[in-house]
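The next block holds one structure in the form of structure tokens; read it before the comments.
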Amino acid sequence: MAERLIVIGGVAAGMSAASRARRLNPKIEIMVFEKSGFVSYGSCGLPYFVSDVIKAPENLVVYDAKFFKEKRNIDVYLHHEVLKIFPAKRSVLVKDLERDKEFEIGYDKLVIATGARAVKPNIKGVDLKGIFTIRFLEDGIAIKNFIKENSPKRALIVGAGYIGMEMAEALVSLGIDVTVVEMMPNILGSMDDEINEIVEGELQRNGVKLLKSTSVVEFVGDGFVKGAILNNGVSLDVDLVIVGAGIKPNSEIARDAGIEMGRTGAIAVNQRMETNILGIFAAGDCAEAFHLVLGRPVYVPLGTTANKQGKVAGENAVGGNAVFKGIVGTAVFKVFDLEVARTGISEKQAREEGIDYVSTVIEHGSRAHYYPGGSKIRVKLIAERKTGRLLGAEMVGRDGVAKRIDVFATALHARMSIDELTQLDLSYAPPFAPVWDPILIAANDIEKKLKS
Ligand code: FAD
């Protein structure tokens with residue numbers, strides 16, 4: 001009988017694992033259990049689906065279950081939730097959610113790719129209609145339908161992370177008045193103030209009200225949400241709420257099976273994406289990743305990492321020897337006309353880690369000063385004082401930020417020093433960059449500080 005690979009979860013990590021395993025082994029039986037009604041879609045596109053830039057939910061789906069069966073001989077079971085893993089028996093307990101039936105099925109290799117879920121804080125009234133989290137395609141569809149049917153006028157976004165920012169833009173584009181509340185004194189988690197102040201200016205410019213150091217203590221309504229009471233006693237009239245208050249790894253079924261968790265609460269894996277139990281791999285938002293700058297496992301759940309980890313898990317599940325070395329924490333998002341990006345660690349993180357660092361902030365044009373369409377890019381760099389090694393970069397601007405950050409990400413992977421960074425032969429032509437690119441201006445500036 002052919003060996004059987006079971007994959008739990010069918011989005012970025014799960015379908016990457018299944019597809020890679022199939023490519024390397026045409027004989028193995030591959031089953032994917034997915035509790036929702038969709039596989040292989042880009043959650044990252046959800047804000048653009050809500051804003052109607054992307055019209056139909058199918059547009060976010062890369063391949064459907066039929067494609068996987070016909071083209072890759074992968075059996076995808078939608079609406080099937082894995083309830084338990086029995087490592088000793090090498091089997092899983094699955095619930096067919098549509099037929100309300102449970103069954104147990106054996107595996108030879110198992111990939112856990114259960115992702116993460118949005119945290120819905122325990123606030124009075126949080127279950128009123130009109131209050132949503134945004135994580136799965138079904139969430140996007142529900143929000144879009146709610147907006148169509150109820151034409152909300154005033155939205156509240158709880159949490160000023162990157163998803164909160166993307167959703168603020170989406171809702172403003174639909175003519176909805178948006179307020180964002182953030183319980184921390186700053187937006188965007190560990191991003192530094194010099195970047196955040198520009199993002200806050202962009203929110204203001206687009207009519208978004210931002211309330212920092214503020215939290216919701218109660219939602220009120222009569223079936224549908226009508227208002228939110230804040231910790232300072234202020235009441236807001238709102239008829240749509242998006243909670244973007246963070247996510248949690250779906251690691252419970254793994255933990256219950258005796259699989260080791262990391263300090264972050266996500267599944268601990270090695271470079272081969274193996275868990276502590278032989279034959280069981282984990283990948284994506286349910287698992288940790290090794291941070292190459294910090295030198296320890298972290299929980300930075302992103303689609304890029306999920307795809308790569310899934311590919312490595314799938315390859316090794318069929319006897320390969322692939323490794324995923326780690327991440328440097330690279331991320332980018334768009335809010336209105338701004339591109340905001342980061343890689344490595346911020347100054348806030350360097351301080352928390354007790355690292356002796358030097359930092360600099362510069363502003364420079366994105367194109368030759370005489371060429372139309374350019375604008376200023378603000379760059380912040382962090383370097384280790386003793387070694388001169390680059391530790392992190394943050395950038396914000398209206399033009400040419402998103403892909404420039406990848407130069408710094410590559411430098412971090414290569415453990416480059418600032419001196420090496422200043423030597424880079426970067427491209428130049430007036431429509432794309434000034435002769436001294438903002439990357440080099442920033443590198444030269446921090447080099448002066450390192451030498452002084
Ligand atoms: P998930 O996408 O969470 O998929 C896991 C799947 O497993 C789910 O479908 C779930 O139903 C299923 N599952 C869970 N438990 C079980 C079970 N017991 N049995 C069966 N099935 C189960 N990342 C970026 O890199 N760039 C971006 O711009 C970006 N933007 C984003 C915007 C939004 C609005 C959101 C929500 C996310 C964004 N991300 C972005 C993050 C990215 O979408 C995730 O990192 C990625 O989806 C993780 O893939 P995954 O397969 O690990 O997990």
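The values are calculated or read from the model by the stated rules, or taken from the named source; none is laboratory data. Note that the structure is a prediction, hence the values are computed from the model and not measured. Heads up, the Cβs are rebuilt from the backbone with ideal geometry, glycines too, and the neighbour counts pull from every protein chain shown. Side chains are part of the model used for accessible areas, which takes the heavy atoms of the whole protein and leaves out ligands, DNA and RNA. Shrake-Rupley method; radii C 1.70, N 1.55, O 1.52, S 1.80 Å.
Observations
- Residue in the range 25-46 that is within 25 Å of ILE247 (Cβ to Cβ), in a helix (DSSP H, G or I), within 8 Å of the ligand (Cβ to nearest atom) and open to solvent by 30 Å² or more (accessible area, probe 1.4 Å) present: yes
- Candidates LYS311, LYS248, LYS325, filtered to the one that is farther than 18 Å from THR114 by Cβ and either away from the ligand (no atom under 16 Å from the Cβ) or open to solvent by 30 Å² or more (accessible area, probe 1.4 Å) (or both): LYS325
- Counted as qualifying within the range 294-395 are the strands (runs of 3 or more DSSP E) with 1 or more residues that are of a type in the set (Asp, Glu), namely 338-344, 357-365, 376-384.
- Scanning the range 166-175 for residues that are within 22 Å of GLY125 (Cβ to Cβ) and free of Cβ contacts under 8 Å to residues at least 12 places away in the same chain yields nothing.
- One residue stands out among those in the range 1-18 that are surrounded by fewer than 24 Cβ atoms within 10 Å (Cβ to Cβ) and either in a loop (DSSP other than H, G, I, E, B) or within 15 Å of the ligand (Cβ to nearest atom) (or both): the one that is modelled with the lowest pLDDT, which is MET1.
- The range 279-307, residues that are more than 13 Å from the ligand (Cβ to nearest atom) and among the aliphatic types (A, V, I, L, M): ILE280, LEU292, VAL293, LEU294, VAL298
- Single condition ARG398 does not satisfy, out of (1) under 22 Å from the mean Cα position of the chain (by Cα); (2) buried (at least 21 other Cβ atoms within 10 Å of the Cβ): (2)
- Within the range 90-99, considering residues that are outside any strand (DSSP E or B) and farther than 23 Å from ALA287 by Cα, the one least open to solvent (accessible area, probe 1.4 Å): LEU97
- Test result for SER417, open to solvent by less than 30 Å² (accessible area, probe 1.4 Å) and over 27 Å from GLU197 (Cα atoms): yes
- Residues within the range 78-89 that are surrounded by fewer than 20 Cβ atoms within 10 Å (Cβ to Cβ) and either under 27 Å from the mean Cα position of the chain (by Cα) or not in a loop (DSSP other than H, G, I, E, B) (or both), tallied: 6
- Selection status of LYS380, at pLDDT 95 or above, among the basic types (Lys, Arg) and open to solvent by 30 Å² or more (accessible area, probe 1.4 Å): no
- Looking across the range 128-165, the residues that are without any contact (Cβ under 8 Å) to a residue 24 or more places away in the chain and away from the ligand (no atom under 16 Å from the Cβ) come down to ASN145, LYS148, GLU149, SER151.
- In a residue-by-residue description of the range 136-148, the property of being modelled with pLDDT under 95, open to solvent by less than 60 Å² (accessible area, probe 1.4 Å) and touching a strand residue (DSSP E or B) at 6+ places or on another chain (Cβ under 8 Å) applies to at least one position.
- Qualifying positions in the range 100-118 - open to solvent by 40 Å² or more (accessible area, probe 1.4 Å) and within 12 Å of the ligand (Cβ to nearest atom): ARG117
- Highlighted here are the strands (runs of 3 or more DSSP E) found entirely within the range 100-193 that include at least 3 residues which are of a type in the set (D, E, K, R): 101-106.
- Considering the range 47-63, the residues that are part of a helix (DSSP H, G or I) and at pLDDT 95 or above include one that is surrounded by the most Cβ atoms within 10 Å (Cβ to Cβ), namely PRO47.
- Only one of the numbered conditions (1) more than 14 Å from the ligand (Cβ to nearest atom); (2) open to solvent by less than 40 Å² (accessible area, probe 1.4 Å); (3) out of contact with any strand residue (DSSP E or B) (no Cβ under 6 Å at 6 or more places or on another chain) is not met by PHE67, and that is (2).
Per-residue answers, yes or no, for (1) polar (S, T, N, Q); (2) within 27 Å of ASN231 (Cα to Cα):
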residue: ARG99; (1), (2): no, no
residue: TYR107; (1), (2): no, no
residue: TYR162; (1), (2): no, yes
residue: ALA168; (1), (2): no, yes
residue: THR179; (1), (2): yes, yes
residue: MET183; (1), (2): no, yes
residue: GLY189; (1), (2): no, yes
residue: ASP192; (1), (2): no, yes
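- When LEU390 is tested against the conditions (1) touching a residue at least 40 places away in the same chain (Cβ under 8 Å); (2) surrounded by fewer than 18 Cβ atoms within 10 Å (Cβ to Cβ); (3) away from the ligand (no atom under 16 Å from the Cβ), the lone failure is (2).
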